[in-house]
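Q: Here's a structure for you.
Every read-out reported here was derived from the displayed coordinates using simple, explicitly stated rules and does not represent laboratory data. Worth saying up front: this structure is predicted, and the values here are computed from it rather than measured. As a convention, Cβ positions derive from the backbone with ideal geometry for all residues, glycine included, and neighbour counts pool all protein chains shown.
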Amino acid sequence: MSSGFLAQKTRKAAKKRGIAASVEAKSESEATQYFDSIDVLLLGPHYAAYQTEMQEQAQPYNVKVAVIPQDIYGMLDGEGLLDFAIEQVDR
C-alpha cells in the first residue's frame with residue numbers, strides 16, 4: 001500500500017515539473033514482466049535483499065535496479081523519489 005501512495009505522489013511530482021514519466025507500483029512477482037518497457041526498477045527498502053537477483057534479470061534489458069532510500073520511502077516523498085529515479089536513469 002505504501003508503494004502505491006509513493007507512486008501516486010511521484011506521478012504528481014513529475015506532472016508538476018512537466019516530466020513525462022510512467023510511475024507504477026507492482027508486486028515483486030510482476031516486476032520482471034515489465035523489463036522490456038521500463039528504464040529503472042526501484043525496489044522498496046524491504047526488498048533490498050533481492051537487488052542483486054533483480055539486477056541480473058534486468059541486465060539483458062539495460063534496466064537499472066536500485067533500492068529506494070528508507071527516508072524517501074518512509075516519508076512517501078514523491079519529489080525525492082522522482083529525483084532519485086532521474087539520477088538512476090542518468091547514470
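Q: Stretched out fully, how many nm does the piece from GLU53 to ASP36 gain, at 0.36 nm a residue minus the Cα gap?
A: Stretched fully, the GLU53-ASP36 segment lengthens by 4.4 nm.
Q: So how far apart, in nm, are the two label points at HIS46 and ALA25 if each is 7 Å from Cα heading toward Cβ?
A: If labels sit at HIS46 and ALA25, their model points lie 1.0 nm apart.
Q: To one decimal place, what orientation-averaged projected area in nm² is obtained for the convex hull of the Cα set of the chain?
A: So the Cα hull casts an average projection of 5.4 nm².
Q: Can you show me the helix-derived [θ] at 222 nm for the chain, built from DSSP H runs with n ≥ 4 at -39,500 (n - 2.57) apiece and divided by the number of residues, rounded to the nearest 500.
A: It comes out at -14500 deg cm²/dmol, rounded to the nearest 500.
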